Amino acid sequence: SAYAPIVDGSGAVVALVEVDRRAQAYDVTRTQSRLLAILGAILLTGLSLLLRVILHRRRDSLAWLRQLLVGRLSLRIGAATGVVVLFAMGLSSWLDHRAVKREVIDGMHGQLLTTVRVGTMLIDAEAHRRVERSQDPTSEEFLRIREQLRELRQRARLDTDVYTLSRDGDSTRFIVMTNENPFIGHYQELRPGLRATFDGGGSGSEGPYTNVTDTWISAWAPIEDADGKVVAVLQADFAVSTMRAERANRDLRRLL
């Protein structure tokens, strides 16, 4: 967080302006750096010990290494066993990594889909149409729908914003969002999945996909009027960059 004072004409502090940024990604990156440092220290220690042995036996170091690696049956048996164990552990870790990745992604798709499907039952389609026509973020309908979306986001324990989109030709426009500063009418691309929903294809999800801001998993559901016509969609997103960094940290721990 960072903050600065708001002062009046006499120099008295009457309020503070504060700007916050989530630190979870920094914490994850810091953990990853520490794990890499531990790995580096282990490798450097092993190399330094080997170098000391070689220098201590500098006259016959090559003969000693050849005898150590080839001449001792116990060492060859131990090395072969170690290779087999490392291969088995590596294969098991790789398969577990893939399974957990797929499980986490599928679980997030399901959670987001449930969130937006429940959310569409809370929104009055006609009130949403009036907000779309007026584009007034101070209207009673906008504030009521935004409060419903904020409660939905809180109950779903989402860190990212939830918002509605209306179709405008080959693009979409933001209508109601949980953000503190509204941006009604701003454009967003019409992705193929959203196009299918506006054409009557029902709810959907996609991801992970990457745009200019981050890598996301998204889900959306149609908001329909009394005649079953899709007037807008409700969308929720989840940023997967932090999740990927946490998974990389877990892989480093497993390697250690």
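Rundown of residues vs (1) free of Cβ contacts under 8 Å to residues at least 40 places away in the same chain; (2) on the phi > 0 side of the Ramachandran plot; (3) not in a helix (DSSP H, G or I), yes/no style:
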{"position": "THR164", "(1), (2), (3)": "no, no, yes"}
{"position": "ASN179", "(1), (2), (3)": "yes, no, yes"}
{"position": "THR197", "(1), (2), (3)": "yes, no, no"}
{"position": "PRO208", "(1), (2), (3)": "no, no, yes"}
{"position": "VAL212", "(1), (2), (3)": "yes, no, yes"}
{"position": "MET243", "(1), (2), (3)": "no, no, no"}
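The condition of being within 20 Å of PHE142 (Cβ to Cβ), open to solvent by 50 Å² or more (accessible area, probe 1.4 Å) and in contact with a strand residue (DSSP E or B) (Cβ under 8 Å, 6 or more places away or on another chain) holds for only one of ARG244, ARG173, that being ARG173.
Screening the range 101-144 for residues that are of a type in the set (A, V, I, L, M) and in a loop (DSSP other than H, G, I, E, B) and picking the one that is least open to solvent (accessible area, probe 1.4 Å) gives ILE123. What about ARG157, is it on the phi > 0 side of the Ramachandran plot, under 23 Å from the mean Cα position of the chain (by Cα) and either polar (S, T, N, Q) or open to solvent by 20 Å² or more (accessible area, probe 1.4 Å) (or both)? Yes; evaluated as a whole, the condition is true for this residue. For the range 188-201, the criterion of being open to solvent by less than 50 Å² (accessible area, probe 1.4 Å), of a type in the set (Phe, Trp, Tyr) and closer than 22 Å to PRO137 by Cβ is met by none of the residues.
Screening the candidates ALA226, ALA232, ALA196, ALA239 for the property of being over 23 Å from the mean Cα position of the chain (by Cα) and farther than 20 Å from ILE123 by Cβ yields one hit, ALA196. Scanning the range 78-100 for residues that are open to solvent by less than 80 Å² (accessible area, probe 1.4 Å), within 30 Å of GLN235 (Cα to Cα) and not β-branched (Val, Ile, Thr) yields a total of 2.
The values are calculated or read from the model by the stated rules, or taken from the named source; none is laboratory data. Predicted, not measured: the structure shown is a model, and the values here were computed from it. Every residue, glycine as well, gets a Cβ built from its backbone with ideal geometry; the counts of neighbours run over all protein chains shown. Heads up: the accessible areas ignore ligands, DNA and RNA and are worked out on the full protein's heavy atoms, side chains in. Shrake-Rupley method; radii C 1.70, N 1.55, O 1.52, S 1.80 Å.
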